[in-house]
1. Take the residues of segment 243-284 that are of a type in the set (Lys, Arg) and more than 21 Å from Leu59 (Cα to Cα): which is nearest to the chain's Cα centre (by Cα)?
2. Quick check on this structure: which one of Glu475, Glu449, Glu486 is buried (at least 18 other Cβ atoms within 10 Å of the Cβ) and not in a strand (DSSP E or B)?
3. Have a look at Arg525, Arg555 and point out the one that is over 30 Å from Leu357 (Cβ atoms), surrounded by fewer than 19 Cβ atoms within 10 Å (Cβ to Cβ) and not assigned by TED's automatic domain parsing to the domain that holds Pro85.
4. State which residue pairs qualify: first residue more than 19 Å from Glu530 (Cα to Cα) and inside segment 482-495, second residue at pLDDT 90 or above and in a strand (DSSP E or B) in any location, beta carbons under 9 Å apart, and separation of 6 or more residues or different chains.
5. Quick one: what pairs do we get from segment 411-427, first residue under 15 Å from Thr440 (Cβ atoms), second part of a loop (DSSP other than H, G, I, E, B) and among the basic types (Lys, Arg), C-beta under 6 Å, 6+ apart or different chains?
6. Restricting attention to strands (runs of 3 or more DSSP E) lying wholly within segment 295-368, give those where 3 or more residues are over 22 Å from Glu475 (Cβ atoms).
7. Restricting the first residue to segment 295-310 and requiring it to be touching a residue at least 24 places away in the same chain (Cβ under 8 Å), which pairs with a second residue that is among the β-branched types (Val, Ile, Thr) and surrounded by fewer than 23 Cβ atoms within 10 Å (Cβ to Cβ) meet a Cβ separation below 7 Å and a spacing of at least six or different chains?
8. Of the conditions (1) of a type outside the set (Val, Ile, Thr); (2) at pLDDT 85 or above; (3) more than 29 Å from Leu382 (Cβ to Cβ); (4) not in a strand (DSSP E or B), Ala425 satisfies every one except a single condition; which number is it?
Amino acid sequence: MEAVHGTQVWRTRYAHPCAWDQQFPPLAMTELFVRAVAGHGGEPLVDFYGRKYSYQAMLAEARAFAAWLQAMGVVKGDRIGLYLPNVPIYIPAYFGAMLAGAIVVNFSPLYTARELEAQVEDSGARLIVTVDVPALLPTALEVLECSSLGHLVVGRLEQMLPFVQGIGVRLFRRSEIVPIPVRPDVIDWHDALSHDEPRPVAIDPLTDLALLQYTGGTTGTPKGAMLTHQNLSANARQLVMIDPCRAERDVILGVLPFFHVFANACVLNRTICNGGCIAMLPRFQAGQALKTLQRTAATAMPGVPTMYQALLDHPDLTKTDFSSLRLCSSGGAPLSAPLKHRFEEATGARLIEGYGLTETAGVAATNPFYGDDRTGTIGQPLPGTRLLLLDKEDPARIAPPGEAGELAVQGPQVMSGYWNRPETAAATFAEIAGERWLRTGDIAEIDDEGYVRIVDRSKDMIAVGGFKVFPSQVETVLLRHPAVKEALVIGVRDPYHGEMPRAFVTLLPGAADDGAGLRAWLNERLGKHERVDEVVIRTSLPKTMVGKLDRKALRGEVAAAAA
């Protein structure tokens, strides 16, 4: 902890006395990739169902794709969209766009045509790279017809798989692929690799954008966070720096979707920075994840809490050899203590919780990989990262000592702003004593050693008769009940109190508890203003596209039912 301008600013225990540009010198993502290839050229970067792709092969495809983009007229600053699941061509498309000087735009494979069209128009993407599967290609073709998009580049799934599996798809599972139409604005991926070397493009890592990463949209319209080359490369180096096993064999289970900032930072960029291998899966299926983990002897797996719960629920859990697995990291949603302990006991791997935002290029804080892991906190800030608590009512002021406040972040991974939304970006930053801090919207407490506990989202607070209730605190108590698997708490209208908390839960297999019993158990353990009016048992709770519980969607469902 350091005192600056009379306020308390927290740094990690890994803090270095030098400035960010000395601790993490400016580095373009393209240079990060080239350096990784120089050190690990013939080693596997990707394992895709057993087919391996080397660092050298991925760079060769990235250079060829960059040269083709330039031949198509793409210039520095143009936007290139990736509408892809986790497949091998993602990596050369990602780095190829950057080598051409373009800005990558990640589009979720779960988008509808309307959602995809909206972000194509907002970003001004010139072309999209996708793959020939029913969930993607028809939607991309529809957007090509009705938007300003110029071209589609389409990869063939069968050509990315191991030989036998590719033959199986082509001969016996034709329904899993969509024919690529023959037309001038639709190009086969391999036809886009017909060039050799791109023209060099000068990149300023500190100012040139590498990625437009759209926010999840759980609290409003998605916004494009503008992430520079330095934002991405610094975050990758921050994550490698805190890994005590960085010099050992590094095989990461890449099942988090690359289009999401969590996977972009913790799976893709960080693994390449460390010269590791990504055991890649296009989507999360618990059984397939367990098989891949054992087949590749994976050493790490980032995920969201619902993934770890699904692995615990799968019947093959007890048949899986976890001896290679050292560390799993959880983000995207709070990790409950019971889930953490059950997973660690079942696998022998350490499961730690971290924290980040789209606006911080992935990660801002995490519990230490080994040592003092404080369950219920998000740990300490990453190297080069500083944290501050702002007053909940007035973000231009510091929170009073000892009180919770809005968490603010400063560091080399913090975005430069929002695409085409300067006013929104201005409101997202606070100026304290002449310094610019990113407001997270999360209410937090920080102890004397810099461990951060997220109390709740400021927008999620429930106003009960003048008192503010944090849903996550009620959920934490509810998750201690031995029958509860998942829990979400939202505010519902109440004629007397204005709002009342209401809990929605799913139960563990075999549990026979009812809502009234759970409500009585819960309310005995809460303050009067926190008590819920009802506990609703459901077979499932809504989740976002990356698998975390979706409070916004639940509010919508409840409002629709009430109407």
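The values are calculated or read from the model by the stated rules, or taken from the named source; none is laboratory data. On a predicted model such as this, the values are computed, not experimentally measured, just so you know. Here the Cβ is made from the backbone with ideal geometry for all residues, glycine too, and neighbour counts use every protein chain on show.
1. Narrowing segment 243-284 to residues of a type in the set (Lys, Arg): 246, 249, 270, 283.
After this cut, where a residue has to be more than 21 Å from Leu59 (Cα to Cα) as well, the list is 246, 249, 283.
On the way: Arg246: 21, Arg249: 24, Arg283: 14 Å.
Ranking the qualifying residues of segment 243-284, first place goes to Arg283.
2. Details: Glu449 fails: buried (at least 18 other Cβ atoms within 10 Å of the Cβ); Glu486 fails: not in a strand (DSSP E or B).
Glu475 is the lone residue from the list that is buried (at least 18 other Cβ atoms within 10 Å of the Cβ) and not in a strand (DSSP E or B).
3. Values: Arg555 fails: over 30 Å from Leu357 (Cβ atoms).
Just a single option satisfies the conditions, and that option is Arg525.
4. Ala483/Val505; Ala483/Leu507; Lys485/Val505; Lys485/Thr506; Lys485/Leu507
5. Going by the 6 Å Cβ cut-off, the qualifying pairs are Tyr418/Lys223.
6. 300-303
7. Sorted first by the residue in segment 295-310, then by its partner, the pairs are Thr296/Val251; Ala297/Val251; Ala298/Val251; Thr299/Val251.
8. (3)
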